[in-house]
Every structure is written in structure tokens, then in C-alpha cells.
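Following: one structure in C-alpha cells, then a few remarks.
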Amino acid sequence: MKKLRQIHLLIGCFVAPLAIFFAVSGASQMFNLHRGPMAGSYRLPKMVKTISKLHMNEFFEAENDRCFAIEDEAEKEKCKKEQETANARLRFKGRLYSTAMALGAIGIFSNAVTGIWMALGLKKWKKTAIVLAALGLLVPAVVLIL
């Protein structure tokens with residue numbers, strides 16, 4: 001049990017920032033804080049938009065075609081090559097991000113399983129752990145059914 005607690009602790013330290021990130025960014029979307037007001041001069045900070053897009057879409061936004069307005073063909077080609085290089089860098093960052101999120105998801109899953117396993121190993125809390133785990137499964141299911 002001591003080794004399991006150590007593993008649980010280390011996994012928890014690794015995945016806690018990711019869990020906090022998704023909790024905060026998900027809550028901001030749930031209350032539409034990532035959209036900002038429809039009218040008015042207030043503009044959302046770029047970081048809020050970026051975090052929201054990462055949470056929802058799992059990618060970094062590629063640059064749009066900013067080269068179409070350039071009339072000189074040589075300059076237009078140079079611009080397109082620069083834009084493609086920037087977009088390739090963003091695709092690479094997106095793959096790294098997805099890999100990190102997959103590792104984080106595995107960590108969160110592992111941490112949850114080890115936490116439940118440890119809770120079930122405590123005689124004093126075993127019944128409470130079973131009831132809470134069951135409620136954790138049932139409440140979202142009932143909400144989805146309703």
C-alpha cells in the first residue's frame with residue numbers, strides 16, 4: 001500500500017496542473033467567458049482565446065492566407081513560403097500538445113484508479129468509497145438521460 005501511495009502521489013503531482021488547466025478552461029467555456037460581450041469595445045485577451053481553442057479544438061490556429069493582397073509575385077511567393085513554414089511549426093506544436101494531453105489523460109486515469117484502489121483498501125472508508133464511486137458514475141449518467 002505504501003508503494004501504491006507513492007505512485008499515486010507522483011502521478012498526481014504530474015497531472016494536477018493539466019487537470020487544473022482543463023477545469024479552469026472548461027469552466028470558462030461553460031459560462032461563455034471565452035466569447036466576450038457581443039457589443040462594446042471590450043476585447044478578450046489573446047491568452048483566453050488561445051486556451052479556449054486548445055481546450056475545444058486541440059490545435060493551434062494556422063495563419064490565414066495573408067499573402068493574397070501582395071501584388072508582386074516574388075514577394076507573394078516569399079510570403080507563402082514563410083506562411084507555410086509558420087503553419088508547419090504550428091502543426092508540430094499541435095502534435096506535441098496532443099501527445100502531452102494524451103500522457104496527461106493516461107496520468108489522470110491512472111491517478112483516479114490508484115486513488116479508488118487505495119480508498120477501497122481502507123477498512124474504515126471502504127463503504128463510503130464504494131458509495132461515492134457509484135455516485136460518481138450514476139450522477140452524470142442520470143443527467144445525460146434526463
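If I model a spin label as a point 7 Å beyond the Cα along the Cα-Cβ vector, how far apart are those points for Ala88 and Leu138 in nm?
That separation, rounded to one decimal, is 5.7 nm.
Does a label point 7 Å from the Cα of Leu9, set along Cα-to-beta-carbon, have any residues of segment 102-120 with amide nitrogen under 19 Å, and which are they?
108, 110-120
Sequence neighbours fewer than 8 away in the same chain don't count; with that in mind, list the lysines whose C-alpha is under 25 Å from Lys81.
Partners found: Lys93.
In this model, which of Lys2/Lys126; Lys46/Lys78; Lys2/Lys124 are farther than 19 Å apart at the alpha-carbon? Kindly include the intermediate steps, with their values, before the conclusion.
Values: Lys2/Lys126 17 Å; Lys46/Lys78 27 Å; Lys2/Lys124 17 Å.
Distance filter (> 19 Å) returns Lys46/Lys78.
What distance in nm separates the simple spin-label points at Ala100 and Ala16, each placed 7 Å from Cα in the Cβ direction?
Taking the two extended label points, one gets 1.9 nm.
Report the one residue of Ala105, Trp125, Gly94 whose Cα lies farthest in the direction of the positive end of the charge dipole of segment 81-131 (charges on C-beta: Lys and Arg +1, Asp and Glu -1; origin at the Cα centre).
Trp125
Any read-out appearing in this document is the output of simple, stated calculations on the displayed coordinates, not a laboratory observation. Just so it is clear, the structure is predicted and the values come from calculations on it, not from any experiment. Methodologically, a virtual Cβ is constructed for each residue, glycine included, from the backbone with ideal geometry; neighbour enumeration extends over all protein chains shown.
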